[in-house]
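Report on the following structure.
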Amino acid sequence: MRWITKFRLRVRSLVQRNRVNRELDEELQDHLERQIEYHTARGMSREDAKVQATRDLGPIALRKEECRDARGLALIDSVRQDLTYALRALRKSPGFATVAILSLAIGIGANTTIFTLVNSVLLTPLPYPGAERLVVLREHKLDSPEPLNVHPLNYVQWRAQARSFEALALVQMPPLNVMGKGGAEQVSRMITTPEIFHVFGVRPALGREVTKDDGRPGRDHIVILGYGFWQHWFGGDPGVLGRQLPTPDGSLTIVGVAPPGFRIGLAEPEAFTPLDEHDAAATGSRSFESYGRLAAGVSLETAQAELTTLVAALRKVYPAVDGHMGVFVFGLHDFLVRDARPGLRLLMAVVAVVLAIACVNLAGLLLARGLARRGEFAVRVALGAGRGRLVRQLVIESLLLSLAGGAAGVAMAYGTTRALVTRTAFALADATTTPIHLDARVLLFTLVVSTATALAFGLLPAWQASHVDPQSVLRDETRRATGGRRQFRVREILVIAEVALAVVLLVGAGLLIRSLNNLGRVKLGFEPTGTLTMQLFLGVKRPEARIALLDQILDRVASVPGVQAAGTIQFLPLRGMNCGTGFWLEEQAARRDSSQTLATGCSLVSRGYFAAMGIPVLVGRAFDRQDRMESPRVVIVNEAFVRRYYRDGRAVGRRIVVQWSDEVPAEIVGVVGDVRHNGLTTDPSPTVFLLHAQAPGYITNLVVRTSANPLMQSGAIVRAIHEVDPTQGVSGVGLLEQDVEKVLARPRLQAGLVTSFAVIAVVLAVIGLYGLVAYVVRLRTHEIGIRLAVGATRERIFAELFASGVRLVVFGLVAGLVTAVALRSIASRFVFGITTTDPLTYVAAALTFLVMAFAAMVVPARRAAQVEPITALHLE
């Protein structure tokens, strides 16, 4: 074949040129050695002889370098000429350049926008020294992969025996009520063991860290302020050390200030107080978190294996605590982004498809433009231009288009990213600690994508356009040349690929939209409208005093005009937080056999909670004022509890023993409807509700149902709380509806973005289809004119051209639908309430594309049918 022969000749030429240069270098070196020997023989030292020999051969070496420089300058000048010519050629075709640049700008801009999110969430490391060694430790039930909080007794053993960690820290985050000039305020607090600053590799901005002696009786009244809290409350006063921070339980001595931006995971505490690990272990509460720093050279897998072995041994030592528990060791960054990663990967795949369609369009445009310029290329070849020069010329044009599209894409991404920041506030708030913005890495990504686009989709059109037959073209046989037909087949394949990719995105968008609709129709089990929530920290130490305080608060809040009901719960629904515990049925309670312990969720609520939340009491009664600490123990269970543990459906009047409380037999007095505590996609699990008045806690969320706008009532409700207890701080004031919005934010963002990109992909694919049919019309104008002149009807011409486009659409649809089915396993994790092969979605996607495709094909087909034969033959 001719191109193989030319390629061999080109390679042979390059090899010969390199050999000549190498021989010249060797010859010059031989001359140098001979000159050195000559001057040495005349009595000169070796060093002086080398200097003199270099001077002697200087002109020869200079001429050789001048030759090399001349070749380099000639190449640079040649590239400059190609660049100038490419700019002039694009300026003469503004329509072509505009369409090509806009297509690429859409594809590159979409990729840049999503990569900005990916960069901020997945690729930007945590802002700590050696952040790759930071880990988070979580326990889990042996029969479940769901990470749970840590029991402090286990932490004590891990810290004492594990060798994979440089440091481990145990933390808990109860809020803190602080007395300010305007009254009580609730601030976020972290009680922590001394190692926390060592784990994260930071030091306080002022003062000292927590020490081992802090937290012990008599030395537990110290506090390290968060940097933002120090700025807000004390105006950044460097003399704050040694001053007192007033709280209802007494003042705390300020001993330090945390560094700016210091976060523990995603939390940025406003105050740090000491925690004694042995006191924490004595509580028996599995409500702590543990963070660690791996020892140098220790991998995550090694640490996981060591702790797994250690926990297996601890199960025998502490069967009541660890009998059914295992341990996970996660990289901290991976743990924080674990929920966001699948969605962002999906979006990156989607925008990659959009870019591929845009690039296919560019390739089609370049092929059509190459056909239109065959006469130009034929003249240049006839005058002696090489094929390589033509390919380089066209690749430079493609590169200019791609870079211009990339620049426009960056500008587009800048605007869309700013718009997305607000949309992602809820959707990615639990995944990123860094602001979402364009940075150098994003710009480098855009440059690489633009360059790769030019090379990947510009080479084929350039190669085909450069292979012209000058004699055929110059004899005015362009339209009968085989090159046009070959390009037509290539464009057909490209259009089929565009259609297939666009259909895949349409199916994905349809599945996500239907899934989002299903999520919006999920029965929550409560009524969020008109409900206000806020967090309280009942810092009173005596249980009886906490019960009395909460009773007074509920009575006073209920008396506020417009309040219909008020109650409290430890963890609000939908937030993915809920206590778990074990219990025994009445017939098992006497034995208290740990092997027969049954599992259930556990919520600590007050009287009035079910009315405030709009949760129906299906059987029995709700908690009331008669249920007190000194009264017989009572509990309420949900429907899921009854379905699992009472096959006869009768639970009211039966008794159970709950391990979470004081293990006194409790009577089930009511059954309430199921509530979704762990998100919308997780079915309600068995739950037992304990009464705050019989098992008082410290942290609780107040729920208030109002007849007026809840936010307008919030001020009066907070004042009512302060009337009962001026030292009671309040935080997290918000609407229960916002919790529902937060849960829907991520699937809504994914569905919205995928749908937007699917629409863009369909538009680009339809443009490509339109361009192909128009290209066919242009290629066959002469033929159409002859057929019309000899009697063919315009309807027949229209039908044939329209059918040629329909054939491609059908091939693309079939390929796209088959591909969508093949990718159903990827889509399965993003859909809810439907199957990934939902027929309605597939049919709707196919019909949507068919309607748009047919509309695009009608215009050029009608134009062809309306061609006047005389005009067509005259133009030919």
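The values are calculated or read from the model by the stated rules, or taken from the named source; none is laboratory data. This one's a predicted model, so the numbers in the text were calculated from it and none came from an experiment. Backbone-built Cβ (ideal geometry, glycine too); neighbour counts: all protein chains shown. Remember, those area values only see protein heavy atoms, side chains included, never the ligands or the DNA or RNA. Shrake-Rupley method; radii C 1.70, N 1.55, O 1.52, S 1.80 Å.
For region 169-197, a residue qualifies if it is of a type outside the set (S, T, N, Q), open to solvent by less than 10 Å² (accessible area, probe 1.4 Å) and assigned to a strand (DSSP E or B), and the qualifying residues are A169, L170, V171, V178, V187, M190.
Looking at G520, G562, just one residue is open to solvent by 10 Å² or more (accessible area, probe 1.4 Å), touching a residue at least 60 places away in the same chain (Cβ under 8 Å), of a type in the set (G, A, S) and touching a strand residue (DSSP E or B) at 6+ places or on another chain (Cβ under 8 Å), and that residue is G562. Entry remark, region 439-450: residues being touching a residue at least 12 places away in the same chain (Cβ under 8 Å) and either touching a Ser or Thr at 6+ places or on another chain (Cβ under 6 Å) or open to solvent by 50 Å² or more (accessible area, probe 1.4 Å) (or both) number 6 in total. Taken over region 750-777, the residue count meeting the criterion of being open to solvent by 10 Å² or more (accessible area, probe 1.4 Å) and either of a type in the set (F, W, Y) or out of contact with any Leu (no Cβ under 8 Å at 6 or more places or on another chain) (or both) is 11.
R705: of a type in the set (D, E, K, R) and either open to solvent by less than 30 Å² (accessible area, probe 1.4 Å) or part of a loop (DSSP other than H, G, I, E, B) (or both), yes or no? Spelling it out, it is not the case that R705 is of a type in the set (D, E, K, R) and either open to solvent by less than 30 Å² (accessible area, probe 1.4 Å) or part of a loop (DSSP other than H, G, I, E, B) (or both).
Quick one: is G732 loosely packed, with under 15 Cβ neighbours inside 10 Å, in contact (Cβ under 8 Å) with a residue 40 or more places away in the chain, within 28 Å of L680 (Cα to Cα) and of a type in the set (G, A, S)? For G732, the condition - loosely packed, with under 15 Cβ neighbours inside 10 Å, in contact (Cβ under 8 Å) with a residue 40 or more places away in the chain, within 28 Å of L680 (Cα to Cα) and of a type in the set (G, A, S) - is met. Counting only residues that are on the phi < 0 side of the Ramachandran plot and open to solvent by 50 Å² or more (accessible area, probe 1.4 Å), region 212-245 holds 16 of them.
Just the residues that are polar (S, T, N, Q), in a helix (DSSP H, G or I) and farther than 21 Å from A497 by Cβ, please, taken from region 828-860.
First, pick out the residues of region 828-860 that are polar (S, T, N, Q): 828, 835-837, 841, 848.
Within this subset, residues satisfying the condition of being in a helix (DSSP H, G or I) are 828, 841, 848.
The answer is S828, T841.
Please verify whether region 563-576 includes one or more residues that are charged (D, E, K, R), closer than 30 Å to S828 by Cα and assigned by TED's automatic domain parsing to the domain that holds Q713. Yes. Checking each residue in region 818-831 for being open to solvent by 50 Å² or more (accessible area, probe 1.4 Å) and either of a type in the set (A, V, I, L, M) or closer than 19 Å to P747 by Cβ (or both) picks out V818, V821, A822, L823, R824, S825, I826, S828, R829.
For region 104-119, indicate whether the set of residues that are free of Cβ contacts under 8 Å to residues at least 12 places away in the same chain and out of contact with any Asp or Glu (no Cβ under 9 Å at 6 or more places or on another chain) is non-empty.
Just the residues of region 104-119 that are free of Cβ contacts under 8 Å to residues at least 12 places away in the same chain, to begin with: none.
Within region 104-119, not a single residue is free of Cβ contacts under 8 Å to residues at least 12 places away in the same chain and out of contact with any Asp or Glu (no Cβ under 9 Å at 6 or more places or on another chain).
Go through region 515-549 and report how many residues are under 41 Å from the mean Cα position of the chain (by Cα), among the hydrophobic types (A, V, I, L, M, F, W, C), within 14 Å of L702 (Cβ to Cβ) and outside any loop (DSSP other than H, G, I, E, B).
Initial filter on region 515-549 (under 41 Å from the mean Cα position of the chain (by Cα)): 515-539.
Retained after the next criterion (residues that are among the hydrophobic types (A, V, I, L, M, F, W, C)): 516, 519, 522, 524, 526, 532, 534, 536-538.
Next cut, within 14 Å of L702 (Cβ to Cβ) only: 532, 534, 536-538.
When the remaining residues are screened for being outside any loop (DSSP other than H, G, I, E, B), the result is 532, 534, 536-537.
Of the residues in that region, 4 qualify.
The sole residue among Q694, Q728, Q713 that is farther than 30 Å from A651 by Cβ, more than 32 Å from the chain's Cα centre (by Cα) and in a loop (DSSP other than H, G, I, E, B) is Q728.
Exactly one residue among R556, R575, R607, R625 is of a type outside the set (S, T, N, Q) and in a helix (DSSP H, G or I), and that residue is R556. The set of residues in region 327-355 that are open to solvent by less than 30 Å² (accessible area, probe 1.4 Å) and in a helix (DSSP H, G or I) comprises L332, F335, L336, A340, P342, G343, L344, L347, V350, V351, V354, L355.
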